Amino acid sequence: MKVLRVLNNNVVLSRRDDGTAVVLTGLGIGFRAKPGDGVDEAAVSQVFVPENNRDSDAMAAMLAAIPQRFLELTTRVLEATHLRDDWASATVIALADHLSMAVRRVAMAGDTPNPLLVEVSHLYPDEYAASLRILEAVNAELDSPLPESEATAIAMHLVNAGFRTGDLSDTYLMTGVFSQLFEVIDSSFGIRVDQGSVTAARFITHMRYFFVRAAQGAQLREGMSVLLDSLEHSHPEAVDCARRTGVILELRLGTALTEDEVAYLSLHIARLVAEAAPGVDRSS
């Protein structure tokens, strides 16, 4: 392998003999190295391969900004969870970056509860259980342990890892659908949803998870008819809006929503409306 670019003493951009661009990390791997030099393969600690035509230079720059110990720690603990056999480079990097930032954030601001705890732990119990194991393994190597609230964010990274299939078309599709759904909600109720609010963030998170479930053929089927019946009485317009957005989702994704998905979507829409137009009765 040849050195293409030196990011710092521990990170270099390289190219394999087959032409694949890769990012190599290792203690001192970039020390005194120059473009065109052969890579000291004995110094290679980890190899990161950009997936789905991602920019190798951007990946290298991000890796250079993450402390080496967090990259190595993240790789070890992900492998130890046995949740899956392999992890995409993007997932390892994103989680390592999150952990390194979390250590600094907690040191400055202390523990901040994650408002998505209930939703994440309920919808993705396997990933949440794995995130607790990851957090325990991470804390075993940190001088100042991270709070349990970080498990929610770690679980979200694991869920996102399950969504990384194919090229970026899924991401572009999801982004476009989000914009369309907000437009339907706004026009249905004559409101302007604050897309930067916590409530909107929860709605977006829920829909991201829905995309994962739809792609895996695993929509919710938990028998939530009681919830839907209740919402049809208390927030009929929200349920009606949810069914209209459900038609859009069916057209865009090629699969119809289950009644449980409609129920949860209705609940999120009702919360968005209540926040955007407090005090307005939408029950009739």
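Assorted remarks:
- Scan segment 1-36 for residues that are open to solvent by 60 Å² or more (accessible area, probe 1.4 Å) and part of a loop (DSSP other than H, G, I, E, B) and the total you get is 9.
- Pair list, Cβ under 6 Å, 6 or more apart: segment 211-229 residue in a helix (DSSP H, G or I), other residue of a type in the set (G, A, S): V212/G162; L227/A263; L228/A263
- Extreme residue, modelled with the highest pLDDT, among residues of segment 185-201 that are touching a helix residue (DSSP H, G or I) at 6+ places or on another chain (Cβ under 7 Å) and open to solvent by 70 Å² or more (accessible area, probe 1.4 Å): R192
- Extreme residue, modelled with the lowest pLDDT, among residues of segment 224-269 that are farther than 19 Å from V212 by Cβ and of a type in the set (S, T, N, Q): S225
- Count of residues meeting criterion [modelled with pLDDT of 80 or more and either outside any helix (DSSP H, G or I) or farther than 24 Å from F211 by Cα (or both)] in segment 111-131: 1
- In the set (1) over 22 Å from L99 (Cβ atoms); (2) open to solvent by 50 Å² or more (accessible area, probe 1.4 Å), the condition left unmet by M62 is number (1).
- Hey, V47 open to solvent by 50 Å² or more (accessible area, probe 1.4 Å), closer than 17 Å to S89 by Cβ and either in contact (Cβ under 8 Å) with a residue 24 or more places away in the chain or over 20 Å from the mean Cα position of the chain (by Cα) (or both) or not: yes
- Segment 241-262: number of residues that are touching a residue at least 40 places away in the same chain (Cβ under 8 Å) and open to solvent by less than 80 Å² (accessible area, probe 1.4 Å): 8
- Test for D111: is it charged (D, E, K, R), surrounded by fewer than 13 Cβ atoms within 10 Å (Cβ to Cβ) and more than 17 Å from N139 (Cβ to Cβ): no
- Some residue of segment 96-104 being out of contact with any helix residue (DSSP H, G or I) (no Cβ under 9 Å at 6 or more places or on another chain), at pLDDT 85 or above, β-branched (V, I, T) and open to solvent by 20 Å² or more (accessible area, probe 1.4 Å): no
- Of all residues making up segment 210-230, the number that are of a type in the set (G, A, S) and closer than 19 Å to I269 by Cα: 2
- Picking from residues in segment 60-81 that are farther than 19 Å from G28 by Cα and of a type in the set (A, V, I, L, M, F, W, C), the one that is nearest to the chain's Cα centre (by Cα) is L78.
- Candidates L132, L158, L95, L117 - the one that is touching a His at 6+ places or on another chain (Cβ under 6 Å) and under 28 Å from A218 (Cβ atoms): L95
The values are calculated or read from the model by the stated rules, or taken from the named source; none is laboratory data. Just so we're clear, the structure is a prediction, and the values are computed from it rather than from any experiment. In this analysis, Cβ positions are derived from the backbone assuming ideal geometry, glycine residues included, and neighbour counts consider all displayed protein chains. Side chains are part of the model used for accessible areas, which takes the heavy atoms of the whole protein and leaves out ligands, DNA and RNA. Shrake-Rupley method; radii C 1.70, N 1.55, O 1.52, S 1.80 Å.
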